[in-house]
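First comes the structure, then the notes that go with it.
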Amino acid sequence: MAKIVLTRNPFIKNALKSRYPQLAVFIVMLVGYIFAILAGLIGTPVGSHNFSIVFVWIAWWAILILVAVPFFGRGWCAVCPIPLPGEWLQRGAILAPPDKKPKWLNLRVPKMFRNIWLQNISFLLLALFSSVLLTTPNITGIVLAAMLFAAIGLSTVFERRAFCRYLCPVGGFIGLYSQTAPIELRIKDKQVCVTCEGKPCYNGSSAGYGCPWDVFPGGLTKNTYCGLCMECIRTCPHDNIAVNLRPFSADLAKPSTRMDEAFKAFIMLGSAMIYAGVLLGPWGTLKDAAYNVGSSAWFVYAIIFLAIIFVILPGFFTLGILNTKNVLPLKQRFASLSTALIPLGLMFWVAFSLSFVLTNASYILAALSDPLGLGWNLFGTATTAWQPMLTTVLAPAQTLVLVGALIWSARTAQKAANEVKVSSIPVIVYSLIVTSIMLWLLL
Ligand code: SF4
Ligand code: SF4
Ligand code: SF4
C-alpha cells in the first residue's frame, strides 16, 4: 500500500497547524487529569467507585491500548496533559513563542541518560506496585500528581520535554509500539532539509518552538521519539512536513540495534504475561503475593517478576539465536531480532486488556454519575450493577488476537532476520512458545 499524505487535505493541515484545536483538547485533558488526582486523594477509598481508578485504569487504558497506540501510535502523547504545565512554564507562553523567553536553566540532559533505561525502570516500578496502584485511589492520585510535578521540575532544569523523552513510564512503551501504527510524521523531501537555513523545525522560530522531543524532523525514520506535537508543521518555512497514512508496522522493516529498546520489548512482553497470570489466573497465592506489597511473599514475587523479564525471557531468546552463524556481534543480532517481539507484545497487551477491560467496563457508568463515591447520581447511572460484558465473544476474540500476533511477529522476524542475514526460525519458534503460554494463561 502506498502512503496517503493526510496533510494534503487543507482541512486536516490547517487543523493540525493551528494551535487552537489542540489547546481546546489540552484543556479538557488537563481538567480531567487534575480531577483524577483530586478524586484519588479526596474521593471514596473504594477503587471500583472512584473516578481516578475507573477512568484512568479502565477507560483510559482501554482507549490507549485498544485504539490509540495500535492505530495512532503516539497519538495519545499529542494530547497528553502531563507535560503541559511544565512546558508552558518553560516557554513562558501557552500558545505561540513570546517575544521574551523566560530564563530557565535549559540544560541538556546528560548523555548517559539519553536513552530509555530510565523509562524502563520507571515502568517496572509501576508494574511491581501495580496491584496496589490499580486498586487504591489515593496511591493513583499521588502517582498522577508525582508525574505532573516531575514533568514541571524537569522542564525548569532541562531543555525541551526531558520528562517525556527520558522518564515517563507510559511514553516508553507508547514509543516502542508506535512503530507498528499506520500513521507517521515525516519530511516530504530530504533535499529541501539539506539546504534549509537555520533548521527552525529543530531550533525554533517566531512561528513556533524547536522540536520539544529533541528530534530533528529532517532525520526522522521511526515514530519512536516523535510525540506528534505538530510543532514542526508550524515552524517549517518550506512546507516540508507531512502526516501520512501508511501500512502497519512500516518502521519495523529496519530493526533497531539499541539494547535499551530491545529490553523494552522484553519488559512489555513479560509484563503482559505476568499480569495475565496474576490478575486473570486462578492462583490465589500468586495474587496474594502481588497484593501484599512489602511482605516477604511480595519480595519473592518481585524477584521472580524481574527474573522472568531480565533473565528467563531474554535468556531463552539468546539461546535460540546463538546457533545462528553470523559475523555480526551477538548483541546486535539480539537487539535486531527482538524487533519481532514488538507486534507480539502489543497484541499480548490487547488480548490481556480485552479481558480486563470488558470485565470491569460496567464500573465506568457508575463512576460517571458518582465520580467521588459520595452518593451523587449526576446522569442517573450511579446504580449500574457490575457485570462482565461480551463474555461469550471474549475467548474467541483473544484467540484471534494471539494468532494474529504470532503471524505478525513471524513476518517481522523474517524481515529482521533478512537484515542481519540469519535464519528467522529460532525467533518464530520462540514467538510460538510464548504465544502458547499466553493463550494458556488467558483461556
Ligand atoms: S511521554 Fe508520557 S507524559 Fe509525555 S506526552 Fe507521552 S504519555 Fe504524556
Ligand atoms: S525546517 Fe523544514 S525544511 Fe528545514 S530542516 Fe526542518 S523540516 Fe527540513
Ligand atoms: S516537532 Fe515534529 S518531530 Fe518533533 S515531536 Fe513534534 S511533531 Fe514530532
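Beyond a 28 Å Cα-Cα separation, which of these cross-linked pairs lie in this structure: LYS17/LYS415; LYS17/LYS101; LYS13/LYS199; LYS103/LYS264; LYS103/LYS199; LYS13/LYS264? Before the final figure, lay out each step's value.
Details: LYS17/LYS415 36 Å; LYS17/LYS101 22 Å; LYS13/LYS199 21 Å; LYS103/LYS264 36 Å; LYS103/LYS199 23 Å; LYS13/LYS264 34 Å.
Beyond 28 Å: LYS17/LYS415; LYS103/LYS264; LYS13/LYS264.
Might you report the magnitude of the Cβ-based charge dipole of the chain about its Cα centre, with Lys and Arg at +1 and Asp and Glu at -1, to the nearest 20 debye? If you can, show how the numbers build up before the last one.
Numbers: 33 positive and 15 negative charges, 286 e Å.
Using Cβ point charges on Lys, Arg, Asp and Glu, the chain gives about 1380 debye.
Would you work out if segment 182-238 is rounded, prolate or oblate? Take a ≥ b ≥ c from the square roots of the eigenvalues of the alpha-carbon gyration tensor; rounded if a/c is under 1.5, else prolate when a/b is larger than b/c, oblate otherwise.
Oblate.
Spin-label point model (7 Å from Cα, Cβ direction): what's the ARG19 to ARG258 distance in nm?
About 2.9 nm, to one decimal.
Quick one: 3J(HN,Hα) in Hz for segment 419-424, Karplus 6.51/-1.76/1.60 with θ = phi - 60°, rounded, Gly and Pro as x.
4, 9, 6, 9, 7, 8
Sequence neighbours fewer than 8 away in the same chain don't count; with that in mind, list the aspartates and glutamates whose C-alpha is under 17 Å from LYS111.
Answer for LYS111, where 17 Å is the Cα cut-off: GLU159, ASP214, ASP260, GLU261, listed by chain and number.
Under a Cβ-only charge scheme (Lys and Arg +1, Asp and Glu -1), can you give me the dipole magnitude of segment 4-178 about the Cα centre, in debye to the nearest 20? Intermediate values should be presented prior to the final figure.
Values: 15 positive and 3 negative charges, 169 e Å.
With Lys and Arg at +1 and Asp and Glu at -1, about 820 debye.
Take the Cα of SER205, step 7 Å along the line toward its Cβ, and report every residue of segment 225-262 whose backbone nitrogen sits under 11 Å from that point.
Within reach of a label on SER205, which here means backbone N under 11 Å from a point 7 Å along Cα→Cβ, segment 225-262 contributes 233-240.
Starting at 0 and stepping by 10 Å, how many percent of the alpha carbon pairs of segment 4-178 end up in each bin?
9, 31, 38, 18, 3
Cross-link partners among aspartates and glutamates for LYS254, C-alpha distance below 14 Å, same-chain residues fewer than 8 apart left out?
Leaving aside aspartates and glutamates fewer than 8 places away in the same chain, those within reach of LYS254 are GLU419.
How big is the charge dipole of segment 317-424 about its Cα centre, in debye rounded to the nearest 20, if each Lys and Arg gets +1 on its Cβ and each Asp and Glu gets -1 on its Cβ? Kindly include the intermediate steps, with their values, before the conclusion.
Numbers: 6 positive and 2 negative charges, 149 e Å.
The dipole magnitude comes to about 720 debye.
If each of PHE216 and PHE299 carries a label point 7 Å out from its Cα toward its Cβ, how far apart are those two points in nm?
A separation of 5.0 nm, rounded to one decimal place.
Give the calculated FRET efficiency between ILE425 and VAL393 to the nearest 0.05, with a Förster radius of 25 Å applied to their Cβ-Cβ distance.
Values: r = 34 Å, r/R0 = 1.36.
That gives a FRET efficiency of 0.15.
Looking at this model, which pairs from LYS190/LYS421; LYS190/LYS222; LYS3/LYS421 are more than 18 angstrom apart at the alpha-carbon? Show your work: numbers first, answer last.
Numbers: LYS190/LYS421 29 Å; LYS190/LYS222 15 Å; LYS3/LYS421 28 Å.
Over 18 Å apart, Cα to Cα: LYS190/LYS421; LYS3/LYS421.
Between segment 1-70 and segment 121-138, what is the separation of their alpha carbon centroids in Å?
After rounding, the separation between the Cα centres reads 21 Å.
Pull the list of the chain cysteines that no other Cys approaches to under 4.7 Å, Cβ to Cβ.
CYS77, CYS80, CYS164, CYS168, CYS193, CYS196, CYS211, CYS226, CYS229, CYS236
Per 10 Å bin from zero, what fraction in whole % of the C-alpha pairs of segment 270-442 is there, up to the bin with the longest pair?
10, 28, 27, 21, 10, 4, 1
Give me the one-decimal nm value for the distance between modelled label points at LYS190 and ALA93, 7 Å along each residue's Cα-to-Cβ direction.
My value for the distance between the label points is 3.3 nm.
Hey, if you put +1 on the Cβ of every Lys and Arg and -1 on every Asp and Glu Cβ in segment 270-442, which of LEU406, ALA351, ASN323 ends up farthest toward the positive end of that dipole?
Positive-most Cα among the choices belongs to ASN323.
What is the ratio of the Cα radius of gyration of the chain to 2.2 N^0.38 Å, where N is its residue count, to two decimals?
On the way: Rg = 22.3 Å, N = 443, 2.2 N^0.38 = 22.3 Å.
For the chain, the normalised Cα radius of gyration is 1.00.
In segment 4-178, if the dipole is taken from +1 on Lys/Arg beta carbons and -1 on Asp/Glu beta carbons about the Cα centre, which of GLY141, TRP60, ILE4 is farthest to the positive end?
So the residue furthest toward the plus end is ILE4.
Read-outs: derived from the displayed coordinates by stated rules, not from any lab. Keep in mind that this is a model prediction, so the values were computed, not measured. For neighbour counting, all protein chains shown are included, and Cβ atoms are generated from backbone atoms with ideal geometry for every residue, glycine included.
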